[in-house]
Amino acid sequence: MIVVKITMDVLQEKQKELVQTLLSMVGAMEKEVGCLSYALFCYIDDRNLLNLLEEWRTRKDLDRHLKSEMFGVLLGTRSLLKKPHGIHIYTIQQSEGMEAVLGARGKDQDRA
């Protein structure tokens with residue numbers, strides 16, 4: 001799995017415009033081949049600092065997305081930001097769930 005984290009420090013007067021742009025892309029993103037999730041978050045103490053998280057099945061799926069018109073729209077939001085997008089791509093080799101939490105706490109799932 002590939003995770004993309006895009007950090008955006010939005011100009012205060014452009015925050016609503018950027019959020020509306022990103023939210024308008026949700027439907028199309030969910031239909032892209034290999035897109036597992038697409039979510040937008042803001043910091044509790046600074047609603048102008050946004051994180052866009054995307055999860056992709058494979059690097060090939062992500063590369064297709066990075067070449068897409070939709071990703072071009074995202075890059076085009078640069079004029080709404082205080083500084084360029086902070087883009088980080090993470091390759092996940094393994095993921096764990098609740099079983100890891102319970103194991104660390106010394107409990108099994110039946111006793112949770």
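We did not get these values from a lab; they are worked out from the coordinates using the rules stated. All figures in this text were calculated on a predicted structure; none of them were measured in a lab.
Need the full-extension length gain, Leu102 to Glu30, defined as separation in residues times 0.36 nm minus the C-alpha distance. One decimal, nm.
That pair, Leu102 and Glu30, stretches by 22.8 nm at full extension.
Build a GNM of the chain with springs between Cα atoms under 10 Å: which of Leu50, Leu102, Leu36 gets the top mean-square fluctuation?
Leu102
Enter the Cα centre distance for the pair segment 54-112 and segment 13-35, rounded to the nearest angstrom.
So the two Cα centres are separated by 15 Å.
Taking θ as phi - 60°, what are the ³J(HN,Hα) couplings along segment 81-98 by the Karplus curve (6.51, -1.76, 1.60), each to the nearest whole Hz, with x for Gly and Pro?
Taking θ as phi minus 60°, the curve returns 10, 6, 8, x, 3, x, 10, 10, 10, 10, 9, 9, 8, 8, 10, 10, x, 4 Hz for segment 81-98.
Just tell me which aspartates and glutamates come within less than 18 Å, Cα to Cα, of Lys67; anything on the same chain fewer than 8 places away is out.
Qualifying aspartates and glutamates at Cα under 18 Å: Glu30, Glu32, Glu54, Glu55.
For the chain, set up a GNM with springs between Cα atoms under 10 Å and report which of Gly97, Gly86, Gly72 has the largest fluctuation.
The residue with the greatest mean-square fluctuation here is Gly97.
Compute the length gained on full extension between Ile44 and Met1: take 0.36 nm times their separation in residues and subtract their Cα-Cα distance, giving the result in nm to one decimal.
12.7 nm
Is there a pair in Lys60/Lys83; Lys5/Lys31; Lys5/Lys107; Lys14/Lys60 whose C-alpha atoms are over 31 Å apart, and which pairs would that be?
Lys5/Lys107; Lys14/Lys60
Restricted to Cα positions, what overall size does segment 44-112 have along the principal axes? Three whole-Å values, descending.
52, 36, 15
What shape does segment 2-105 have by the C-alpha gyration tensor, where a ≥ b ≥ c are the square roots of the eigenvalues, rounded means a/c under 1.5, and otherwise prolate means a/b greater than b/c and oblate the rest?
Cα axes put segment 2-105 in the oblate bin.
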